[in-house]
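Accompanying notes for the structure given below.
The values are calculated or read from the model by the stated rules, or taken from the named source; none is laboratory data. Being a predicted model, the structure only gives us computed values, none of them experimental. Please note: Cβ atoms are built from the backbone with ideal geometry, for glycine as well, and neighbour counts cover all protein chains shown. Please note that ligands, DNA and RNA were not included when accessible areas were found on the heavy atoms of the full protein model with its side chains. Shrake-Rupley method; radii C 1.70, N 1.55, O 1.52, S 1.80 Å.
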Amino acid sequence: IECLKEQGVDVVFGYPGGSILNVYDALYKHSDEIFHVLTSHEQGAAHAADGYARATGKVGVCMATSGPGATNLVTGIATAYMDSVPMVAITCNVTLPLLGKDSFQEVDIAGVTMPVTKYSFIASGERGVAQDVREAFSIAQSGRKGPVLVDIPADIAAQSEEYERAPKSEPARAKEPEEAQLARAAQMIAKAKRPLIYVGGGAISSGASEALGAFAKKLQIPVACSMMGLGAYPCSEKLFLGLVGMHGTPAANTAALNCDLLIAAGARFSNRVAASKASFAPKAKIIHIDIDAAEFDKNIVSDAHILGDLRKTLERLRAMLPPGENSEWLGEIAEFKRQIPRPKPYAPYTVLHTLSELTKGEANIVTDVGQNQMWTAQYYDFERPRSLITSGGLGAMGFGMGAAIGAALGVPERKTVLITGDGGFHMSLS
């Protein structure tokens, strides 16, 4: 708990149980410094920590006990993993002598979550729980962000450990983009007549919104985005085309079909965007910018890629290139945008468009999964980063209520609105 305070944690979401009682006893003693939110189900705690992290950019924290308490976190952990959300999940297991014995409420939660975490710590007590917690926070924030699990056996949690204050954990320094990669990309951009920027959630994770805006305006390149990229570039800007892909706008999809250069910025070319490799951006050369090298050529083969922090990369590229014009291409883009259908009276999307006008695109908008999610992505005009909070990669129904609570607690000065369907909302009530 002292380490959580050291890391700047001010709220924790969780549900207690026998194995984690020692941690909760310590948490209670510091209840004036760390606010604990008791959820009705551990999955709600994980989603709340996720929503808190998305809304604030800080690491979200959730807690659960051993066995079913720990496994109930898994869907929330997987949601955070798919969408690159920094989160630390703390569980307590049965005592060391009972591990591996099929003991009551024993589950190898580190093994269960291995595919959906960046790292899993099993505290042994040899080097101290404090070191595990500090490293968990560093890993969660470093590179491509994501969830980390710390599992503490109950007898380790019951022991005393001398606390020595340490500085707040810092993320590992991102790799600097290579000059040769930058030069190749700059050359391709300079030659392009019909360029298009395709923005993903990495633009929000890396805090690249301002750099993206400056890059697009200087070079006069239109911007389309994935659902996770909504808010990275203001919807009200003339260069913005909306969603691209399966649920995209006619403008964005027509631009993708006709562009001669596609700049993928912090995006993963998911099947919701590029369902067919052959038909997605068929006329375009592709530049892929990402902090995770594993994404390169995974779904779509790129002609050039740049490994590194997106914000720094866009700033470097903008400095290397003269102002662009692209007037003929932008004229075609304006014609594409006229194809956007007008909302019909009283339909769900009219309600969402009205909500957008009333909140000026500035609210925290949390969705569940289903039609409510798609309508929101299409008809709410997001004006700032970290304003859309939704389960994009995993598509977890039941995400909305917990995430909305986390977002509201993380940014209490901003209005938070949950948009949900009956299915997702009912999953929050069980």
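Here are the numbers:
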{"read-out": "Qualifying residues in the stretch 296-311 (those that are β-branched (Val, Ile, Thr) and out of contact with any helix residue (DSSP H, G or I) (no Cβ under 6 Å at 6 or more places or on another chain)) - the one most open to solvent (accessible area, probe 1.4 Å)", "value": "301"}
{"read-out": "Residue list for the stretch 271-295, filter: touching a Ser or Thr at 6+ places or on another chain (Cβ under 8 Å) and open to solvent by 30 Å² or more (accessible area, probe 1.4 Å)", "value": "272, 291"}
{"read-out": "Sole residue being more than 22 Å from residue 390 (Cα to Cα), among the small types (Gly, Ala, Ser) and out of contact with any His (no Cβ under 9 Å at 6 or more places or on another chain), chosen from 203, 284, 275", "value": "284"}
{"read-out": "Number of the condition not met by residue 420 [criteria: (1) more than 30 Å from residue 40 (Cα to Cα); (2) without any contact (Cβ under 8 Å) to a residue 60 or more places away in the chain; (3) crowded, with 19+ Cβ neighbours inside 10 Å]", "value": "(1)"}
{"read-out": "Selection count, the stretch 190-216, where residues are more than 22 Å from the chain's Cα centre (by Cα), under 14 Å from residue 313 (Cα atoms) and surrounded by 20 or more Cβ atoms within 10 Å (Cβ to Cβ)", "value": "2"}
{"read-out": "Residue match in the stretch 384-407 (condition: of a type outside the set (Phe, Trp, Tyr), in contact with a Pro (Cβ under 8 Å, 6 or more places away or on another chain) and within 23 Å of residue 273 (Cα to Cα))", "value": "yes"}
{"read-out": "Scan of the stretch 364-417 for residues that are hydroxyl-bearing (Ser, Thr, Tyr), closer than 20 Å to residue 223 by Cα and open to solvent by less than 30 Å² (accessible area, probe 1.4 Å), ordered by number", "value": "376, 380, 387"}
{"read-out": "Long-range neighbours under 6 Å by Cβ, at least six apart or interchain, first residue under 13 Å from residue 54 (Cα atoms) within the stretch 397-415, second open to solvent by 20 Å² or more (accessible area, probe 1.4 Å) and part of a loop (DSSP other than H, G, I, E, B)", "value": "400/420"}
{"read-out": "Filtered residues of the stretch 297-316 (kept if more than 23 Å from residue 213 (Cβ to Cβ) and either polar (S, T, N, Q) or touching a Phe, Trp or Tyr at 6+ places or on another chain (Cβ under 7 Å) (or both))", "value": "299, 300, 302"}
{"read-out": "Residue count for the stretch 382-430, restricted to those that are acidic (Asp, Glu) and modelled with pLDDT of 95 or more", "value": "2"}
{"read-out": "Which numbered condition residue 94 fails, given (1) of a type in the set (A, V, I, L, M, F, W, C); (2) under 20 Å from residue 397 (Cα atoms); (3) touching a residue at least 60 places away in the same chain (Cβ under 8 Å)", "value": "(2)"}
{"read-out": "Verdict on residue 227 being open to solvent by 40 Å² or more (accessible area, probe 1.4 Å) and either without any contact (Cβ under 8 Å) to a residue 60 or more places away in the chain or under 16 Å from residue 84 (Cα atoms) (or both)", "value": "no"}
{"read-out": "Filter result for the condition that a residue is part of a helix (DSSP H, G or I), among the aliphatic types (A, V, I, L, M), open to solvent by 20 Å² or more (accessible area, probe 1.4 Å) and under 30 Å from residue 286 (Cβ atoms), over 330, 314", "value": "330"}
{"read-out": "Cross-chain or 6+ apart pairs with Cβ under 7 Å, the stretch 241-256 first and closer than 16 Å to residue 229 by Cα and in a strand (DSSP E or B), then open to solvent by 20 Å² or more (accessible area, probe 1.4 Å) and modelled with pLDDT of 95 or more", "value": "243/227"}
{"read-out": "Residue among 139, 109 that is modelled with pLDDT of 95 or more and under 16 Å from residue 70 (Cβ atoms)", "value": "109"}
